[in-house]
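Comments concern the structure below.
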Amino acid sequence: MSKHTKKGMDSLSEEDKILFTEAMENVKPLDKSKHQKNIQRKALPQKTQSNPVSKQRESGRQHHIADTHELSDICFQLIEPEAYLTFQHNSLSHTLFNQLKAEDFLIDAEFDLHGCTVDQAMHQLWQFMHHSYEKKYKCVRVIHGKSRQRFQDQVVTLKSLLVVWLTRFPFILGYCSCKPKSGGTGAVNVLLQRK
């Protein structure tokens with residue numbers, strides 16, 4: 001185990017240390033001379049009962065996203081380009097969620113993912129969301145578009161990945177697709193918890 005891994009494990013619970021050690025048991029360091037920047041990841045198998053991210057969010061358990069690596073290892077469901085997106089955290093009132101859907105909140109910032117690769121979108125979204133949270137923005141818009149890209153040996157929409165990425169941020173209270181005049185199903189308005 002490297003000194004960086006040992007240092008990072010100091011902050012883990014005993015249970016997490018055991019799980020990590022078991023998971024890393026057969027892992028070997030990469031040969032840096034053969035390492036490629038864009039390693040293809042295989043999609044994780046879908047669980048049929050429930051989404052673990054949703055369970056974690058609904059339990060109200062708070063967690064911190066240390067870096068974008070937590071956004072990259074994901075299990076996702078393909079979402080059609082015209083599908084309407086919606087998420088409401090259990091702590092968000094129906095009144096506020098209805099205001100979000102009606103676009104009653106001022107948009108404090110807008111971020112456009114058009115032209116981004118999956119990796120670029122992931123990293124830039126992470127920066128944008130954390131910047132928005134630090135600036136105490138209440139509502140932001142993310143324009144994801146409807147185009148398809150290659151990811152994990154599949155052709156997907158950024159929209160499919162965005163749904164999972166957004167649930168990884170503990171300070172997101174809800175999101176929904178925009179009205180047609182604001183981008184329709186090619187964009188989402190996101191309501192943030194105040195810092």
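Since every read-out is calculated from the coordinates, none of them should be taken as a lab result. Since the structure is predicted, the reported quantities are computational estimates derived from the model, not experimental observations. So basically every Cβ, Gly included, is an ideal-geometry build from the backbone, and we count neighbours across all protein chains shown.
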³J(HN,Hα) across region 166-182 via Karplus (A = 6.51, B = -1.76, C = 1.60, θ = phi - 60°), whole Hz, x for Gly/Pro?
-> 5, 6, 7, 8, x, 9, 8, 8, x, 8, 7, 4, 7, 6, x, 5, 10
Per-residue Cβ neighbour rank within 10 angstrom, fewest leading, W165, W126 = W126, W165
Set the Förster distance to 30 Å, then compute FRET efficiency between E134 and N26 from the Cβ-Cβ distance, nearest 0.05.
-> 0.15
For a footprinting-style exposure proxy, rank L106, L85, L158 by other Cβ within 10 Å, fewest first.
-> L106, L85, L158
If each residue's Cβ is checked for other Cβ atoms within 10 Å, how do D16, D119 rank with the fewest at the top?
-> D16, D119
What are the residues whose amide H is under 5 Å from the amide H of C139, where those residues sit 5 or more places off or on another chain and H is modelled from the backbone?
-> D108, L192
Listed here are the pairs K101/K159; K159/K195; K135/K181; K101/K146; which of them are more than 23 Å apart at the Cα?
-> K159/K195; K135/K181
